[in-house]
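Asker: Supplied in C-alpha cells, the structure appears directly below.
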Amino acid sequence: MRALPPLLEVTGLAAGYGGGPVIAGVGFAVPPGGVVALLGANGAGRSTLLRALVGLTPVAAGEICFAGAPITRLGVAARVRRGIGYAPEGRRVFPGMNVRDTLLAASRAPRAGRRAALDRVFDLFPQLAASAGRRAWQLSGGQQQMLALGRALMGEPRLVLLDSPSLGLAPPVVADVFGAIAAIVADGVAAVIAEDRLAPVDRVADRALVLRAGRVVADTALAALSEDRLADLALGAAGASAAASTRLASPFEPG
C-alpha cells in the first residue's frame, strides 16, 4: 500500500528571537494521525520549535509544509485556519474570562459551527462543561490545562502542538490530561507533544524526536527509548553521567 504524504514536513528549519537561532537544521515529518513526542532538557529548543511551527517565532531558514503546501511565511491566524492548533507552555489562559467565552473566542466558525465545536470540547472535558460559567482563575491547574487544550481544539485542527501539557500537574491530573489527549489522537488528529521525559507521552506517541542544543540528535520509535537513553541523548553521555554522579535532580523526573 502506498504511504500517505506527510501532514507536516519540516526541512532545515532555523528559528530564534534575534540573537541568533535557537534551533538550527531541524527536519522531521508527521504523517496524518501520527503522534510525535518532542523530547529534550530545558533549553533544548522544544518551545521555540513549536512556536516556529505555529508562526509565533521568526524563521531564519528552512521550510515548513502543511498538507502539501508551504506555510513558512504565513501568519498565525492563517496557519490556524489551515488546521493547526496550539496549546502553549504554562496554559496562558485569560484569567478574567469564563470557560465558555474562552472557548468560543477561539473559533471563527459561524454560530452553529462554534456551538458544535464547544459541545465536542465539553464532551471531551466534562469538568469544563460543569465549570462553563467560572472564570479561568477559579479553575485548578489541571482544569486550566484542559481549557488550554480545549481552546486549541475549537478550530477543529488536523494537527495539535502541545507544549509541556504535564507541567506543574500532580500525577493523577497528568493521567486525566493525557487520557483526554489519547482520545483526541484516537479521533485521527495528529500531534506534536513537547515534554522533558517519557512517562507522560508513552501512552500516546509512536515516535520521538530528541533535541539537544537546538538540534535533532535522534528521530526514533518511542519504544526504542528508555529514560536513561533519553538522558544520554538529551544531555550527552558525559552530562548525563555527571548529573547522576552528583545526584542532581534530573529534568526527566517528575517535579
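Bear in mind these aren't lab numbers, they're just calculated from the coordinates by the rules spelled out. Computed from a predicted model, the values in this text were never measured in an experiment. Cβ sites come from the backbone with ideal geometry, for glycine too, and all protein chains shown count toward neighbours.
Asker: Please list, by residue number, everything in the range 92-117 whose backbone N is under 16 Å from a paramagnetic label point 7 Å out along Cα→Cβ of ALA67.
Answerer: The answer is 108-110.
Asker: Taking amide H positions as placed in the peptide plane 1.01 Å from N, state which residues far from VAL35 in sequence (5 or more) or on other chains have amide H under 5 Å from it.
Answerer: Sorted by chain and number, the residues that satisfy this are ALA191, ASP206, ARG207.
Asker: For ALA78 and ASP119, what does the FRET efficiency come to when R0 = 22 Å and r is the distance between their Cβ atoms, rounded to the nearest 0.05?
Answerer: 0.25
Asker: Follow-up question, since we're still on this one. Would you order THR48, THR220 from fewest to most other beta-carbon atoms within 10 Å of each residue's own beta-carbon?
Answerer: The most exposed by this proxy come first: THR220, THR48.
Asker: Could I ask something else about it? Which residue fluctuates most in the GNM of the chain (Cα springs below 10 Å): ALA136, ALA112, ALA186?
Answerer: Comparing ALA136, ALA112, ALA186 in the GNM, the peak value goes to ALA112.
Asker: Which one of THR102, GLN145, ALA223 has its Cα pushed farthest toward the positive end of the charge dipole of the range 8-245, where Lys and Arg give +1 and Asp and Glu give -1 at the Cβ?
Answerer: THR102
Asker: For the chain, set up a Gaussian network in which alpha carbons nearer than 10 Å are linked by springs, and say which option among ALA221, ALA130, ALA37 fluctuates the most.
Answerer: In the Gaussian network model the winner is ALA130.
Asker: Among ALA77, VAL59, PRO31, whose Cα lies farthest out toward the positive end of the dipole of the chain, if unit charges sit on the beta carbon of Lys, Arg (+1) and Asp, Glu (-1)?
Answerer: Value computed over the given set: ALA77.
Asker: Another question about this same structure. List residues of the range 193-223, by number, whose backbone nitrogen lies under 20 Å from a label position 7 Å along Cα→C-beta of ASP187.
Answerer: Those under the cut-off are 193-194, 203-206.
Asker: Now a separate question. Please turn the phi angles of the range 176-186 into ³J(HN,Hα) values with the Karplus equation 6.51 cos²θ - 1.76 cosθ + 1.60 (θ = phi - 60°), one per residue in order, whole Hz, x for glycine and proline.
Answerer: Ordered by residue, 3J(HN,Hα) equals 5, 5, 6, x, 5, 4, 4, 5, 4, 6, 5 Hz.
Asker: For the chain, modelled as a GNM with alpha-carbon contacts under 10 angstrom, which of MET97, MET146, MET154 fluctuates the most?
Answerer: Of the options given, MET97 has the highest mean-square fluctuation.
Asker: Order by neighbour count: ARG158, ARG81, fewest other Cβ atoms within 10 Å first, most last.
Answerer: Least to most surrounded, the residues fall as ARG81, ARG158.
Asker: What angle, in degrees between 0 and 90 and rounded to the nearest 10, separates the Cα long axis of helix 141-153 from the longest principal axis of the Cα atoms of the chain?
Answerer: Between helix and principal axis, roughly 80 degrees.
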